[in-house]
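One structure is given here, and the rest of the page talks about it.
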Amino acid sequence: MTATAEQTQAQPAGPPRPKLTHRQILVIMSGLMLGMFLAALDQTIVGTSIRTIADDLNGLSLQAWATTAYLITSTVSTPLYGKLSDIYGRKPFFITAISLFIIGSLACTLATTMYELAAYRAFQGLGAGGLMSLALTIIADIVPPRERAKYQGYFLAVFGTSSVLGPVIGGWFAGQAEIFGITGWRWVFLVNVPIGIIALIVVSKVLNVPHVRHDHRIDYFGAVFLSVTVVPLLIVAEQGREWGWDSQRSIICYAIGFVGLIGFLLVEKAMKDEALIPLRLFRTSTFAMTIVAGTILGVGMFGGITMVPQYLQLVRGFTPTEAGLMMVPMMLGIMIASISSGQITSKTGRYKIFPILGSALLVTGLLLFHGVDIDTPIWQPIVFMVVFGLGLGNCMQTLTVAAQNAVPFRDMGVATASVTFFRQLGGTIGVAVFLSLMFSTVADNIGSAFRDAMRSPQFQAALADPAVRENPVNQPVFAAIQNGGGGGAGSVLQDSSFLQRIDPRLAVPFQQGFVESIQLVFLVGAGVMVLALLVSIFIKEIPLRTGTSAATVMEGGEALLSDDAKASMAGETPETAETAGETTVDDKPGGDPATNGNGHRAVEPHALRGDLSGLRGQVRRRDGAAVPGAALTLIDADGRQVGRVGSDSSGEFLLDAPAPGAYVLLASAPEHQPRATNVKVRPGESTVDVVLAGATVVHGFVMTADGHTALGAAQVTLTDARGEVVESQATASDGSYRFVGTRTGEYTLVARAQDFQPTAVQVRVPESGPLRQDVELLGGAALSGIARTAAGTAVADARITVLNGAGEVVAVTTTDAAGRYSVDDLAEGNYTVIASGYSPSAHQVRLGRGEDGVRDVQLGYDEWK
């Protein structure tokens, strides 16, 4: 027997998407945190040891290449990871990222020149591009934005541990000559290998979120053009000080980058939803402004962080280990601010204040650092680092959550990757430009400092000291003096290690030259962060979603089924499923997709065995796509449930029947309309396919257009193409509304609230999947008055025209016999009221929200004698 069940009429909506339990989330997070630990540790462990590495490889002035190359590849690969994981699943690409990172770390230990190290770091960056963004994407898949802040503590534990251990371990490795016969600084990269192997094992075991493969185009041309855009601009940012910013080679890089940008935009426009970074995401102002703020933040953040170890080691003479320990206060500031902002966001659902506060603190911290000198008490830079850390903590996670909240669930991967991409792009530019700025000015500053030092009695006494002159470690200083200070600058740019060995009095000109260049960098960084502050002010706050995550959409419906349901799909019996572990899906009604929202938990069936009768088939949508995680229930003639099973990742199912006969097969799935079908089961195995129509959830928020305040108790109405009201409801206290089970088609969404103008929006409801449509309402007002002559006589039939602030006509009316006029449907704002028909006159009026304004008008007296 073969049958196909077609959905012919609208049915009640399926159940809401269930939540993963706290235990399930923690198990998945254990794998994510190990991957993030690799990326976070590398960011801090290399920073404090790079100066020693550069000195050993004779390329202090080339150190930016090692950092820039890593950031270039991680930046370019980040959106690719996001897009590919949206299509093929998170786990394989997370494992790929860890593997590439391990191989790159091994290669870095073999570097013999700064250029080799830069090449190996570029390969390492290919893996790093997926570590952070995919971890954030996966947690966004399984935890809604408002609840996500509750889990920040686990990620902060990772960042905090790596932030404290990284600088200390990096400094300790850099300070050792050899460890087990290997140069000390090479262990900075080698330590990633055992950690990475452990991460691979854990991720392979615990990150088991199923995924349904979808056939989509991959935007390889977009990735190529993106690379063509980014790489030349970063090269000129690094080499511009040597080439000259207006040199021929720099201009060629500008031109190539511009051509790459045009090509990238054209490709992304042509690829539409398949684009590496879909341009439609930028139509949401919150997402667009968050991206801009994140990019600018990356410039100032990475550039500022890079300068702090340089100041501590080159100017203050601290060892790498000591410099690493002194960076701990900054990390503590990040943790404190992140935890505080996360908890407040979780309780209130509001987040806009935190990027503004964080940007202001970053500006303050960088301006404070601008004032540091070679003899500044060390407690002051430590306090400044706390301020800087508090600023970063308020910005980093908040901007990511804001961007994720502004896009549909299906775009979660590419949105998270986009945020990470642009922040890293800004960081790459910041590191390249700021280090270039420092090293392009330090030679002149050192030369000037030498000229000033020649007038210092302490410096003259050191030059005259025979012991100082005879010590060979001081010879670079005497060589610099003979060259007017310039020769010393050239040598220190290649190897600065001699600064710790020469007489302290002779080191002062070098330290003064470096501190002046670093001060300039901090000042420029503060200016950049002012831009971030201004952009943060204009970010439109969208209330955070409180609904469950879309793991059923992103990673297959069975991701949220109970362990028993998963066991049945694997062909296990109820007994073996019971021994495998307890059910972990939320026990609330509607918490299990197999219950179809009625709260009844059926006995899980087993695979067809022996001579039993049963049904085999596939659950699919009307477009032929498989529906995974659908719950199929077999009901006998007496209304009893006799079998239940979940469809697998390809939508297929195998359902036992106790005996041949007539039954009702009930199929339901999240975001689809349930379907009941009469079936006849014959001896052996029968076949029946089920086609489910989509049941989209239309949801969103109603907000004010000025302050973006949520409007509770607003009335939201959905009408179909014929103008018939399909459904209507009042918004909740947070301004949210939710229509469940809406059929595909064209609709009009109408929102109204007291003291506001109503707004109508056209929406196209897809066959399945959530559709978010936020509505902004302008404050409503009314205007009335009387037209009179100068003598006070009422004027009938005078034409009254109302213009808005832009000079557009918004209303035209005429006065009645008593000279009265009224205009009821106006938005709050400034208006000009023109009375005409005889001698015209114009009058200005300002209307506030809910105001019934009164404005009498006067016509020329002479016309009314």
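The values are calculated or read from the model by the stated rules, or taken from the named source; none is laboratory data. Every value quoted in this text rests on a predicted model; they were computed, and no experiment measured them. Here the Cβ is made from the backbone with ideal geometry for all residues, glycine too, and neighbour counts use every protein chain on show.
Matching residues to (1) part of a strand (DSSP E or B); (2) surrounded by 15 or more Cβ atoms within 10 Å (Cβ to Cβ); (3) modelled with pLDDT of 85 or more:
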residue	(1), (2), (3)
Leu665	yes, yes, yes
Ser686	yes, yes, no
Ala713	no, no, yes
Leu718	yes, yes, yes
Ala732	no, yes, yes
Tyr747	yes, yes, yes
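From the set of residues in region 818-854 that are at pLDDT 85 or above and in a loop (DSSP other than H, G, I, E, B), which is surrounded by the fewest Cβ atoms within 10 Å (Cβ to Cβ)?
Only one residue tops the list, namely Ala818.
Which is modelled with pLDDT of 80 or more and surrounded by 20 or more Cβ atoms within 10 Å (Cβ to Cβ), of Gly393, Gly413?
Sole residue among the options that is modelled with pLDDT of 80 or more and surrounded by 20 or more Cβ atoms within 10 Å (Cβ to Cβ): Gly393.
Which residue out of Phe384, Phe354 is in contact with a Cys (Cβ under 9 Å, 6 or more places away or on another chain), aromatic (Phe, Trp, Tyr), part of a helix (DSSP H, G or I) and surrounded by 17 or more Cβ atoms within 10 Å (Cβ to Cβ)?
Details: Phe384 fails: in contact with a Cys (Cβ under 9 Å, 6 or more places away or on another chain).
Selected residue: Phe354, the only one of Phe384, Phe354 that is in contact with a Cys (Cβ under 9 Å, 6 or more places away or on another chain), aromatic (Phe, Trp, Tyr), part of a helix (DSSP H, G or I) and surrounded by 17 or more Cβ atoms within 10 Å (Cβ to Cβ).
Restricting the search to region 779-791, which residues are over 17 Å from Ala827 (Cα atoms) and either in contact with a strand residue (DSSP E or B) (Cβ under 9 Å, 6 or more places away or on another chain) or of a type in the set (Lys, Arg) (or both)?
Of the residues in region 779-791, the ones over 17 Å from Ala827 (Cα atoms) are 785-791.
Across region 779-791, the qualifying residues are Gly785, Ile786, Ala787, Arg788, Thr789, Ala790.
Which one of Ser448, Ser436, Ser456 is more than 50 Å from the chain's Cα centre (by Cα) and hydroxyl-bearing (Ser, Thr, Tyr)?
Step by step, each of Ser448, Ser436, Ser456 is checked, and only Ser456 is more than 50 Å from the chain's Cα centre (by Cα) and hydroxyl-bearing (Ser, Thr, Tyr).
Could you pull out the residue among Ala140, Ala64, Ala119 that is on the phi < 0 side of the Ramachandran plot and modelled with pLDDT of 75 or more? Walk me through it before giving the result.
Working: Ala140 fails: modelled with pLDDT of 75 or more; Ala64 fails: modelled with pLDDT of 75 or more.
Just a single option satisfies the conditions, and that option is Ala119.
Which one is nearest to Val726 (Cα to Cα) among residues in region 668-698 that are of a type in the set (D, E, K, R) and over 44 Å from the mean Cα position of the chain (by Cα)?
At the first step, the residues of region 668-698 found to be of a type in the set (D, E, K, R) are 671, 675, 680, 682, 685, 689.
When the remaining residues are screened for being over 44 Å from the mean Cα position of the chain (by Cα), the result is 680, 682, 685.
On the way: Lys680: 36, Arg682: 42, Glu685: 42 Å.
Looking at the filtered set, the residue picked out is Lys680.
Here's a check for you: in region 749-769, which residue that is touching a Ser or Thr at 6+ places or on another chain (Cβ under 7 Å) and buried (at least 20 other Cβ atoms within 10 Å of the Cβ) is nearest to Thr696 (Cα to Cα)?
Ser768
Suppose we filter region 153-176 for residues that are under 19 Å from Thr345 (Cβ atoms) and either at pLDDT 75 or above or within 14 Å of the chain's Cα centre (by Cα) (or both); how many remain?
Residues flagged as under 19 Å from Thr345 (Cβ atoms) and either at pLDDT 75 or above or within 14 Å of the chain's Cα centre (by Cα) (or both) within region 153-176 amount to 0.
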